[in-house]
Amino acid sequence: MAAHRPYRRILLKLSGEALLGQVDYGIDPAVLNRLAGEVRDLLAAGLQVALVLGGGNIFRGAGLAARGLDRVSADQMGMLATLMNALAMQDALEKLEVPTRVMSALRIHQVCEDYIRRRAVRHLEKGRVTIFAAGTGNPFFTTDSAASLRAIEIEADLLIKATKVDGVYSSDPVKDPNAVFYPRLTYNQALREDLRVMDATALVLCRDNRLPLRVLNIHTPGALMRLVAGEEIGSLVESGD
């Protein structure tokens with residue numbers, strides 16, 4: 001398998017909602033442990049794996065701001081929520097004997113490392129799963145933008161956005177039975193058609209740095225391993241016309 005693997009280093013973006021599973025708020029341990037197992041399998045296959053987790057299962061800054069909280073304060077709370085998820089994932093991975101480091105864009109020395117690009121790359125080269133927490137460290141930027149930025153900084157071969165649907169559609173397939181599935185598309189198409197693959201900042205970052213993005217359903221067991229083995233899974237978004 002290693003001789004045919006198309007990727008060396010990947011960044012996996014997981015939404016906070018992906019950790020909810022069967023619970024209404026917080027983290028479902030069964031889902032957390034399953035995802036940790038899939039990450040362990042990627043590492044065992046010889047890949048270097050970085051993670052970015054959202055915080056929507058705990059706090060969503062934009063949602064809090066819409067209800068009257070100061071936007072900067074709300075986004076800072078959201079950043080701390082991503083750190084909570086990162087620590088939970090680190091614990092789940094370490095229980096599987098997977099070496100893991102959490103690096104935060106906010107300085108919280110008592111619980112994790114500061115994000116330093118060169119150190120992050122070194123962790124990856126040493127076979128440690130590296131989790132980037134606290135977004136970009138700035139308000140008004142989503143964790144999608146943070147995932148795109150970190151993937152570019154560490155020179156990942158692929159950014160994977162794990163969602164609850166099978167890839168990119170013309171509209172929400174849960175609400176629209178006539179939604180059209182896109183197996184391949186360009187960043188410009190996604191922006192032009194407002195397909196909401198990621199926010200516009202994240203898409204432009206990927207487009208301008210020619211970083212391919214794969215969108216897939218994280219609830220499909222084994223999808224990640226099939227993807228990194230070379231199978232066409234989900235939707236591929238690339239730079240182009």
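Throughout, read-outs are computed from the coordinates displayed, never taken from laboratory work. Nothing here was measured: the structure is a model prediction, and the numbers come from that model. We place every Cβ from the backbone using ideal geometry, glycine too, and count neighbours over all the protein chains shown.
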Quick one: what do you get for the stretch 99-198 if you divide its Cα Rg by 2.2 N^0.38 Å? 1.31
In sequence order, calculated HN-Hα J values of the stretch 137-147 (Karplus, 6.51, -1.76, 1.60; Hz; x Gly/Pro): x, 10, x, 6, 10, 7, 6, 4, 5, 5, 5
If you split all Cα-Cα distances of the chain into 5 Å bins from zero, what percentages do you get per bin, shortest first? 1, 7, 14, 19, 21, 19, 12, 5, 2, 0, 0
At the level of C-alpha centres, the distance separating the stretch 77-123 and the stretch 131-188, in angstrom, is 21 Å
Arrange the peptides 25-32, 148-155, 130-137 so that the one whose residues have, on average, the most other Cβ atoms within 10 Å appears first. 130-137, 148-155, 25-32
Per its Cα gyration tensor (rounded if a/c is under 1.5, else prolate when a/b beats b/c, else oblate), the stretch 1-90 is best filed as prolate
With a cut-off of 8 Å between alpha carbons and a minimum separation of six or more residues, what is the relative contact order of the stretch 103-241 in percent? 24 percent
Any idea what the relative contact order of the chain is, in percent, if you count C-alpha pairs under 8 Å spaced at least 6 apart? 21 percent
Spin-label model distance (nm) - residue 188 vs residue 164, 7 Å beyond Cα toward Cβ: 3.4 nm
Could you rank the peptides 169-180, 185-196 by their average count of other C-beta atoms within 10 Å per residue, with the highest value first? 185-196, 169-180
Assuming R0 = 22 Å, can you tell me the calculated FRET efficiency for the pair residue 239 and residue 117, based on Cβ-Cβ distance, to the nearest 0.05? 0.45
Listed peptides 116-126, 84-94 by packing density, highest first (mean Cβ within 10 Å): 84-94, 116-126
Residue by residue through the stretch 102-117, which ³J(HN,Hα) values in whole Hz follow from phi under the Karplus form 6.51 cos²θ - 1.76 cosθ + 1.60 (θ = phi - 60°), with glycine and proline marked x? 9, 10, 10, 6, 9, 7, 9, 4, 5, 10, 6, 8, 5, 6, 10, 4
By counting other Cβ atoms within 10 Å of each Cβ, how are 11, 83 ranked from fewest to most? 83, 11
List the trypsin sites (Lys or Arg not before Pro) in the stretch 45-75 that DSSP assigns to loop (not H, G, I, E or B) and whose Cβ has at most 15 other Cβ atoms within 10 Å. Which are they? 67
For the stretch 1-134 the mean separation of alpha carbon contacts under 8 Å (6+ apart) over residue count, i.e. relative contact order in percent, is 26 percent
